[in-house]
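Beneath this line is the structure, given in structure tokens, with notes to follow.
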Amino acid sequence: MLPGFLTRAVELLLGREGRSLHLKAAGAATALLGAVMLVGSWAVVAAEQGARGANLTTYPRALWWSIETATTVGYGDFFPVTPWGRVVGSVVMVVGITTYGLVTAALATWFVGREQRRRHRLAHGAKELSEETARALHERFDRLERLLAGKGETP
């Protein structure tokens, strides 16, 4: 059941046609982070198994640890004590920091893009309005010239 759900979630994040590159990258990074947290939880439990002073001995604790490590919260309630556990922790940290950086950049790009599109529409509307105003002024001047030309012909 879970692998089907994960496959569907990855397809939803990455599979949309026409989705911008920065959103695809953020979606891929988020999917990668989820996988790293799940696998990292299992790996840290395996690395810490039987180690003296280990507190990451169950998968639920390790999953909580990987979430707080990836989000850089790091309460300090759970931590790896073995060298391999610390390697796993380093990977979870780097992937978490990178993912949140990508997601933040994607959101910023989206906001900037919306503002640029809004400004472009306003500029285009102003250009059309100025062209329309110029056309109306030309028509008025032409009418005035015709009126003046007609009055000049009258004796």
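To keep it simple, each residue is scored yes or no on (1) of a type in the set (A, V, I, L, M); (2) in contact (Cβ under 8 Å) with a residue 12 or more places away in the chain; (3) in a helix (DSSP H, G or I).
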| residue | (1), (2), (3) |
| --- | --- |
| Gly76 | no, no, no |
| Val81 | yes, yes, no |
| Trp84 | no, yes, yes |
| Val91 | yes, yes, yes |
| Leu102 | yes, yes, yes |
Going by what's in this entry, would Gly150 be described as out of contact with any strand residue (DSSP E or B) (no Cβ under 8 Å at 6 or more places or on another chain), modelled with pLDDT of 85 or more, among the small types (Gly, Ala, Ser) and assigned to a helix (DSSP H, G or I)? no
With Ala43, Ala62 as the choices, which residue is among the aliphatic types (A, V, I, L, M), outside any loop (DSSP other than H, G, I, E, B) and free of Cβ contacts under 8 Å to residues at least 24 places away in the same chain? Ala62
Looking only at segment 105-155, filter to residues that are among the acidic types (Asp, Glu) and open to solvent by less than 100 Å² (accessible area, probe 1.4 Å); which one of those is nearest to Leu23 (Cα to Cα)? Glu115
A careful count of residues in segment 56-87 that are among the polar types (S, T, N, Q), more than 21 Å from Tyr100 (Cβ to Cβ) and open to solvent by less than 30 Å² (accessible area, probe 1.4 Å) gives 1
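The values are calculated or read from the model by the stated rules, or taken from the named source; none is laboratory data. If you're wondering where the values come from, they're calculated on a predicted model, not measured in any experiment. Cβ atoms come from the backbone with ideal geometry, glycine included; neighbour counts cover every protein chain shown. These accessible areas exclude ligands, DNA and RNA; they are computed on the full protein's heavy atoms, side chains included. Shrake-Rupley method; radii C 1.70, N 1.55, O 1.52, S 1.80 Å.
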